[in-house]
Each structure stands twice: as structure tokens, then as C-alpha cells.
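Notes follow once the structure below has been shown.
The values are calculated or read from the model by the stated rules, or taken from the named source; none is laboratory data. Keep in mind the model is a prediction, meaning the values are calculated, not measured. Cβ coordinates were reconstructed from backbone atoms using ideal geometry, including for glycine residues, and neighbour counts include every protein chain displayed. Accessible surface areas use protein heavy atoms only, side chains included; no ligands, DNA or RNA. Shrake-Rupley method; radii C 1.70, N 1.55, O 1.52, S 1.80 Å.
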Amino acid sequence: MKSDILIIGAGGAGLVAALHAYEAGVTVRVITKEYPTRSQTCMAQGGINAALGNAGEDSVESHIQNTLKSAHSIASQKAIELLCQEAPNAVEWLDNIGVCFSRTKESKIAQRTLGGASAPRACYAQDYTGLKILHTLYDRCQEAGIEILSEKFLLDILTDEEGVYGASVLDIRSGDVESYTANAVVVATGGFSRIYDKHSTNSTASTGDGIAAAMRAGARVSDMEFVQFHPTALKNSSILISESARGAGGYLLNSQGERFTDELKPRDEVARAIHNEMAKDEEIFLDIRHLGETFIDEELPQERKLAKLYENIDPVFDLIPIKPVAHYTMGGIEVDEKSSSIVKGLYAAGECANHRVHGANRLGGNSLLELIVFGKQAGVNAAEFAKNSKKSSSNVVSELLVSSSNMEIDFYSVREELGDVFYKNVGIVRDKKSLEATLNVVNGYIAKLPLMGAKDSSKMYNTNKIEFLEFKNTLELSRLVLVGAIAREESRGAHFRVDFPKESELFEMHTIIDRDGVVDAK
Ligand SMILES: Cc1cc2nc3c(=O)[nH]c(=O)nc-3n(C[C@H](O)[C@H](O)[C@H](O)COP(=O)(O)OP(=O)(O)OC[C@H]3O[C@@H](n4cnc5c(N)ncnc54)[C@H](O)[C@@H]3O)c2cc1C
């Protein structure tokens, strides 16, 4: 079952990489544990950044400066320049392949302001931007005849002394373990915000499987301690209310009905302002009532639906109760300017990769952009690598070691506890004592893993087994987040240490961790 390239993940990054690799003339196979029309990408609402200047004066230089500022000096200027310079081409490409962007009266692509942006820069399709992008990418992949296999769960990336040669996969439907060989592998499996369990805007699928597998295969990870908290998730469900609601003029209010921050500051600052209010026992609300029903139905229809469905309130008439929760993981697989990891033939793109464009705090609208710019880069470079590779395929099926007999400890309870302790101790504010205490908790869970397992021993559609495998991956990654957060004795962007509240030049560097747990900084 060999293809030139195997892409793991059918979100925005995976499908963009697939289309460009296919165009470069190689055979492409994509696998996904869900369906290609689902993923974090289809949940993106606010928009994708590009300095088009359609709704007000803007420039690529301003986009670069806003991104650099938000990154707090630990991003690559070169990578950010590439991201922002390529942005207009990226949006033009999406427009050309059929994404139905909202339009101005003059038929230009409409743009709006998101936090930390000096101009209305986010191109959008109402508040369904990611969904429209993902479904269009999927249509184009179908049209090209690219093979996309659903319900295939990545277990491990296969390597030998020459580098990567494929992946072992659990077929969720049959329960069989299969291997898919390829000359190059692109990991595009998204982030790991579900370490925070229910305290996250992400779907249950964001468990960092690809990052954990890449690390087991010898890749390095970086900047894992930087986790972005989105200021406005619904209070009871953690479902996101898009930043576009504040961009359109929504206010943040405390229980006294007072505004307490500039709503359009970068997310780390707004989230901390809310955290400080909540520490004073204030409840926090988003107020968009003054925008009016017509505007809300035209520009923010999904936000209204979500608030009705999950909070039982109508934002046209009611205040929206909100809280900040984990939203985006800036760290991930350490890649170079070709999107390559240190394992030969192993590439990464999207939220699972660290292309060093977000630094300590991602700017809203830059993630969708990253998928298009660096998804292309990963696809093209992996294709080039695969064409020049002389590898013969080895067909190895690895064993799946999931205990179904040791169930003394219910891993679902541990997963929930892990999320709660992370939200409390590794959240918007942190300190040495609580970080070290959490590391002890995590090491304790890791030591007790042999006492956990899947209760369900059936072979086909064993979601219990899949959830256990996902849990093990989040546990592996939660240790890395803590190692990075403990080592970084300063505050920078989304990483705010109460015991070191200032940025320190000593830490103007990336935290890099390898398979053996060695921490390096560059
Ligand atoms: C609610 C919400 C709103 C957002 N709004 C915006 C916005 O307006 N603008 C913006 O720029 N960004 C936004 N973001 C962030 C952005 O959507 C994500 O960072 C981005 O879509 C991630 O894309 P991706 O392709 O890297 O990963 P994903 O879209 O998460 O796709 C990951 C893929 O990998 C697959 N996968 C995962 N693990 C495995 C495994 N073990 N085996 C096989 N397959 C696997 C999944 O099934 C999926 O197909 C938002 C995020 C959320 C959650």
C-alpha cells in the first residue's frame, strides 16, 4: 500500500498539502481519524488575514509588524515575512478554487478587524470561514481524485536508519492494524488543546496524536508551554464566540455592567484582564445587543445559533456569559524553513507544527493563513523529497498494545482531572509551585498507566480504545508543556508567570525538547 506521500490529517493543512503535492506530480494518500469535512479547520469563524486593504488602509508591512508584536520576540522574522507577504496570494488562491468569501458592495472580498490588528484584515465567509474553506478544499481533492481514507487512526510513524517510510494505523471500522508506506510523510494532525479537556474550544479530537507520534519517531518539539486562551467561550460549554463579535464592536462587561479592557487588544492581554475580573468574583459577559438583529443575522449568524443552542440565550436581546478557555497551541513539531523535521522525510504543517510564526501569542486570523502558506510549502517540499527518494518499501505491521484487562483506574476520570488541574495550574496565570505540583500529578498518572486501559474488548468501532490512545498522547504532551513552562522563568505572551511577571531577555529563545527529554534553547 505505497504512495509517494502519506499525509496524516485532513484538516486545512493536510488538504492544502495534498493538493499542492498532487500538482507537483506525485501520488498522494491522506488518512484521517475523522471525516475530511470535520476538524478544527471547519470550526474557524473569524477569518483569514491578508493585507488586501479592501475595508480600510492596510499594508503587508503592518501585518508583519502586528504579527511580530503579538509573538513577543520569539518568532522568526523571516518566517513571518513569508507568511504575510504570501497572504494576498493565499486568499486569491482560495478565491480562485471557489471559497465563497463575503463581499463588499463593490464585489471585493470583505474584511473585518480582529484583536491585535491595526486594520480590518480578516477575510471571511460570514462566521463560517473555516467550514467554507475546508469544504472547498475537500471538493478540489475529490475532483483531483486524491485518495482520502477516513476513520484511520495514526498509531506510529515508521522509521528505519534512512528516515521515515510510512505509518502504522488502526482502522477504526475493522479494528485491524495496517501499515501505509511512503517516501515522505506529512503530519497535519492539529493541536493539543484537549489536554484541558472540557476547558477548551476545540473538539475532542485535538489530542496532539501526530506530535506525540513524531516525537516517538525522533522529531523534536518546541515552545510547548505557549497555549493560547481565547477570551470569549460560552460559560457553560466552552463553545467559542468568535473574536469577530468584538471586532464588530462587541463589549466585554463585568457584573456591574462596566467595561474593563480594550476588547481589541491581543488575546493574551484580554484573557488576563478577564481572569483578573473573575478573580474578584465578577461574572463576565459579551454584549453585542447594540449591533442589532439585522447585522447579527448577516455577519454573525453562527454566533447567534451557538449562543441559543448551548447557552439558551439570544444575543440579540441578552448578554452572553463567557469565560476564557484553551484555544490554540503555539508549540509543536519543530520544523525548518522547508517544513521538515529532523527526521529525514518527515514534514509537518498546520497547528501541529511550529513554523515560528506565532511565537508566544498567535494573532487571530493567522492560523488559517498558516495552513494555506505552510501547507503548500510542506506539500511541495515533501513531493520534491519523495521524487528523489530511492527507498524500497518495507511493509511492516506493528502490534497494537492496548491493554483491555487492566482497568483498575478509569482513564476517563483521570482525563477529566488532568483537564481541571491544567486549567487551574497551567492556565492563564502560572507559578513554579503549581507547575511543579502538576508535573508530579502527571508523572503519577504516567506511572499508573499500566493500571488503565480500554474496557471494551470488541474489535470493530472500538471508540473506547481510540479514546484511550488519545488520552495517552495528551498525557505524553502534558509533561512536555510542563517541562517548558517550568523552565521558562519569565512572562511572555500567553505564558504568564505570577512569580516572574516580566519578560526577560535571558528567555528570548525557543524551548526545544527531544525524544529523550533533553531541553535545549535556541
Ligand atoms: C472554534 C475555533 C475557531 C477558530 N477560528 C479561527 C479563525 O477564525 N481564524 C484562524 O486563523 N484560526 C481559527 N482557529 C484556529 C484554526 O481553526 C486551527 O488552528 C486550524 O484550523 C488547524 O488546522 P489543522 O489543519 O492544523 O488541524 P485540524 O483542522 O485540527 O485537522 C487535524 C486533522 O488531523 C486528523 N487527525 C488528528 N489525529 C489523528 C490521528 N491520530 N490519526 C489520523 N488523523 C488524525 C483529524 O481527524 C483532522 O482531519 C479556530 C479554532 C477553533 C477551535
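Please work out if Leu114 is under 30 Å from Val60 (Cα atoms), within 13 Å of the ligand (Cβ to nearest atom), surrounded by 22 or more Cβ atoms within 10 Å (Cβ to Cβ) and not small (Gly, Ala, Ser).
yes
Using the structure shown, decide if Tyr22 is in contact (Cβ under 8 Å) with a residue 60 or more places away in the chain and either of a type in the set (Lys, Arg) or away from the ligand (no atom under 11 Å from the Cβ) (or both).
For Tyr22, the condition - in contact (Cβ under 8 Å) with a residue 60 or more places away in the chain and either of a type in the set (Lys, Arg) or away from the ligand (no atom under 11 Å from the Cβ) (or both) - is met.
Test Leu363 against the stated conditions and say whether it is under 30 Å from Asp514 (Cβ atoms) and either part of a helix (DSSP H, G or I) or in contact with a Pro (Cβ under 9 Å, 6 or more places away or on another chain) (or both).
yes
Taking the criterion of being under 28 Å from Ile513 (Cα atoms), polar (S, T, N, Q) and within 13 Å of the ligand (Cβ to nearest atom), would at least one residue in region 300-318 satisfy it?
Scanning region 300-318, I find no residue that is under 28 Å from Ile513 (Cα atoms), polar (S, T, N, Q) and within 13 Å of the ligand (Cβ to nearest atom), so the answer is no.
Given the options Val421, Val442, name the one that is closer than 20 Å to His495 by Cα, open to solvent by 20 Å² or more (accessible area, probe 1.4 Å) and of a type in the set (A, V, I, L, M).
Val421
I need a count of the residues in region 156-188 that are within 25 Å of Val16 (Cβ to Cβ) and in a loop (DSSP other than H, G, I, E, B).
Residues that pass the stated criteria total 2.
Can you find a residue in region 42-49 that is in contact with a Cys (Cβ under 6 Å, 6 or more places away or on another chain), more than 18 Å from Ala349 (Cα to Cα), modelled with pLDDT of 95 or more and of a type in the set (Gly, Ala, Ser)?
Looking through region 42-49, at least one residue is in contact with a Cys (Cβ under 6 Å, 6 or more places away or on another chain), more than 18 Å from Ala349 (Cα to Cα), modelled with pLDDT of 95 or more and of a type in the set (Gly, Ala, Ser).
Restricting attention to region 339-358, does a residue exist that is open to solvent by 30 Å² or more (accessible area, probe 1.4 Å), away from the ligand (no atom under 16 Å from the Cβ) and modelled with pLDDT of 95 or more?
Yes: one or more hits.
Among the residues of region 247-276, write down those that are modelled with pLDDT of 95 or more, of a type in the set (Lys, Arg) and either within 21 Å of the chain's Cα centre (by Cα) or within 16 Å of the ligand (Cβ to nearest atom) (or both).
Of everything in region 247-276, just one residue is modelled with pLDDT of 95 or more, of a type in the set (Lys, Arg) and either within 21 Å of the chain's Cα centre (by Cα) or within 16 Å of the ligand (Cβ to nearest atom) (or both), namely Arg272.
Is it the case that Tyr165 is touching a residue at least 24 places away in the same chain (Cβ under 8 Å), aromatic (Phe, Trp, Tyr) and either within 14 Å of the ligand (Cβ to nearest atom) or farther than 24 Å from Ile5 by Cβ (or both)?
Working: touching a residue at least 24 places away in the same chain (Cβ under 8 Å): yes; aromatic (Phe, Trp, Tyr): yes; either within 14 Å of the ligand (Cβ to nearest atom) or farther than 24 Å from Ile5 by Cβ (or both): no.
It is false that Tyr165 is touching a residue at least 24 places away in the same chain (Cβ under 8 Å), aromatic (Phe, Trp, Tyr) and either within 14 Å of the ligand (Cβ to nearest atom) or farther than 24 Å from Ile5 by Cβ (or both).
Being within 16 Å of the ligand (Cβ to nearest atom) and open to solvent by less than 10 Å² (accessible area, probe 1.4 Å): is that true of Leu482 here?
On the way: within 16 Å of the ligand (Cβ to nearest atom): no; open to solvent by less than 10 Å² (accessible area, probe 1.4 Å): yes.
It is false that Leu482 is within 16 Å of the ligand (Cβ to nearest atom) and open to solvent by less than 10 Å² (accessible area, probe 1.4 Å).
Regarding region 286-293, can at least one residue be identified that is over 24 Å from Arg362 (Cβ atoms), free of Cβ contacts under 8 Å to residues at least 40 places away in the same chain and among the aliphatic types (A, V, I, L, M)? Can you show your working first?
Filtering region 286-293 for residues over 24 Å from Arg362 (Cβ atoms) gives 287, 289-293.
Going one step further and asking which of them are free of Cβ contacts under 8 Å to residues at least 40 places away in the same chain, we end up with 287, 289, 292-293.
Adding the requirement that they be among the aliphatic types (A, V, I, L, M) leaves none.
Within region 286-293 (the criterion being over 24 Å from Arg362 (Cβ atoms), free of Cβ contacts under 8 Å to residues at least 40 places away in the same chain and among the aliphatic types (A, V, I, L, M)), the answer is no, since none of the residues qualifies.
Across region 159-174, what is the number of residues that are open to solvent by less than 10 Å² (accessible area, probe 1.4 Å) and of a type outside the set (A, V, I, L, M, F, W, C)? Give the derivation first.
From region 159-174, those open to solvent by less than 10 Å² (accessible area, probe 1.4 Å) are 163-164, 166-170; that's our starting set.
Filter once more, keeping what is of a type outside the set (A, V, I, L, M, F, W, C): 163, 166, 168.
Final tally of qualifying residues: 3.
Starting from region 122-138, take each residue that is in contact (Cβ under 8 Å) with a residue 24 or more places away in the chain and list its partners that are buried (at least 24 other Cβ atoms within 10 Å of the Cβ) and acidic (Asp, Glu), counting only C-beta distances under 8 angstrom and pairs at least six apart or across chains.
These pairs meet every condition: Asp127/Glu303.
Sort through Ala212, Ala217, Ala188 and tell me the only one that's within 13 Å of the chain's Cα centre (by Cα) and within 14 Å of the ligand (Cβ to nearest atom).
Ala188
So which of Ser150, Ser118 is closer than 30 Å to Val270 by Cβ and among the polar types (S, T, N, Q)?
Ser118
I'd like to know if region 51-68 contains one or more residues that are closer than 30 Å to Glu467 by Cα and part of a helix (DSSP H, G or I). Can you show your working first?
Filtering region 51-68 down to residues closer than 30 Å to Glu467 by Cα leaves none.
No.
Those residues that are buried (at least 19 other Cβ atoms within 10 Å of the Cβ), farther than 19 Å from His358 by Cα and not aliphatic (A, V, I, L, M), I need them from region 55-100; list them, please.
Asp58
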